[in-house]
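> Below is the structure I would like to discuss, written out as structure tokens.
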Amino acid sequence: ETGVTQTPRHLVMGMTNKKSLKCEQHLGHNAMYWYKQSAKKPLELMFVYNFKEQTENNSVPSRFSPECPNSSHLFLHLHTLQPEDSALYLCASSQSSGTGGSGNTIYFGEGSWLTVV
Amino acid sequence: AQSVTQPDIHITVSEGASLELRCNYSYGATPYLFWYVQSPGQGLQLLLKYFSGDTLVQGIKGFEAEFKRSQSSFNLRKPSVHWSDAAEYFCAVGARGSYIPTFGRGTSLIVHP
């Protein structure tokens, strides 16, 4: 248990479907992240939110739409995806201000496996 | 901006043998350094981290890493590998003043019985 919970763990969706991935963190952090991990590729940072405001969008296609209603919750809304979007989507959280004793360590959820058919 | 290199894509060791996974970083000052492990189908779990002080850092599962400023390295070591250590290992570097770390491409550890 890392304190970051992702649902669902597995999702199969058609290219015309609309679905959402959900992430919740119980660590009191103020920054949240979405990463994409595809086979044979490095970890790709998609979006970063800090105090609910988006601070990073690494040229992610608009078919991925993030939402951060508060510092504890993060969503990734998916629509009209392509088969190449099939991947493991990882949510993470960290502190973003000050370092305290633990610094800005990122903690990851277990991931959501997405298959687009 | 900081960067991190993990030169080895795959490492194969026999169970019981020692292990060293390499990590080199590029950053103008003393960075934050991390090692994570990812078992198949799972998220990344923090193994250990370095912020300051003692350059030899102890982590979970019997791992340790040593920060060598002169070599810009933060190599991960374990004296005796177990079959359950087979996983993907990621090194990450964080810049002081930025809360978003940069991850390496990962090293896949294969353990032979």
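Since every read-out is calculated from the coordinates, none of them should be taken as a lab result. Model, not experiment: these values are computed from the prediction. Glycine also receives a Cβ, built like all others from the backbone with ideal geometry; neighbour counts cover every protein chain displayed.
> Farthest toward the dipole's positive end in segment A:10-117, which of A:Ala31, A:Gln82, A:Ile106, given Cβ charges of +1 (Lys, Arg) and -1 (Asp, Glu) about the Cα centre?
A:Gln82
> With the contact rule set at Cα under 8 Å and sequence spacing of 6 or more, what percent relative contact order holds for chain A?
On the way: 289 pairs, mean separation 42.7, N = 117.
Dividing the mean separation by the residue count of chain A yields 36 percent.
> With a ≥ b ≥ c taken as the square roots of the eigenvalues of the C-alpha gyration tensor of the protein assembly as shown, please select rounded if a/c is under 1.5 and otherwise prolate if a/b is larger than b/c or oblate if it is not? Before the final figure, lay out the partial values.
On the way: a/c = 2.00, a/b = 1.37, b/c = 1.46.
Here the protein assembly as shown falls in the oblate category.
> Report the Cα centroid-to-centroid distance between segment B:99-113 and segment B:1-47 in angstrom, as an integer.
4
> Which Cys residues of chain A have no other Cys Cβ less than 4.7 Å away and so no disulfide-compatible partner by this rule?
Cysteines of chain A left without a disulfide-compatible partner: A:Cys68.
> Give the percent of DSSP beta bridges with both residues in chain A that are antiparallel, rounded to the nearest 5.
Around 90 percent of the beta bridges assigned by DSSP in chain A are antiparallel ones.
> Another question, then. Run the reach check for B:Lys68 against aspartates and glutamates, Cα to Cα strictly under 17 Å, same-chain hits fewer than 8 apart removed. What comes back?
B:Glu20, B:Asp54
> Let me ask something else about it. In the protein assembly as shown, if the dipole is taken from +1 on Lys/Arg beta carbons and -1 on Asp/Glu beta carbons about the Cα centre, which of A:Ser96, A:Thr2, B:Gly16 is farthest to the positive end?
Towards the positive end, the residue furthest out is A:Ser96.
> Could you point to the residue in B:Gly43, B:Leu56, B:Ile110 farthest towards the positive end of chain B's charge dipole, with +1 and -1 charges on the Cβ of Lys/Arg and Asp/Glu respectively?
Checked the options; the winner is B:Leu56.
> For chain A, what is the Kirkwood hydrodynamic radius in Å, using each pair of distinct C-alpha atoms?
That comes to 14.3 Å for chain A.
> Also, I was wondering about something else. Starting at the first residue of segment B:84-100, write each ³J(HN,Hα) from the Karplus equation 6.51 cos²θ - 1.76 cosθ + 1.60 with θ = phi - 60°, in whole Hz, x for Gly and Pro.
Running phi through 6.51 cos²θ - 1.76 cosθ + 1.60 with θ = phi - 60° gives 6, 7, 4, 4, 9, 10, 10, 9, 9, 10, x, 8, 5, x, 10, 9, 9 Hz.
> Moving on. Within straight cross-link reach of A:Lys18, meaning Cα distance under 21 Å, which lysines are found once same-chain residues fewer than 8 apart are removed?
Here the lysines satisfying the reach criterion relative to A:Lys18 are A:Lys36.
> Okay, moving on. What's the magnitude of the charge dipole for chain A around its Cα centre, counting Lys and Arg as +1 and Asp and Glu as -1 at the beta-carbon? Answer in Debye, nearest 20.
I would put it at about 260 debye.
> For the residues B:Cys91, A:Cys68, what sequence is obtained by ranking on other C-beta atoms within 10 Å, fewest first?
Ordered by Cβ neighbours within 10 Å, fewest first: A:Cys68, B:Cys91.
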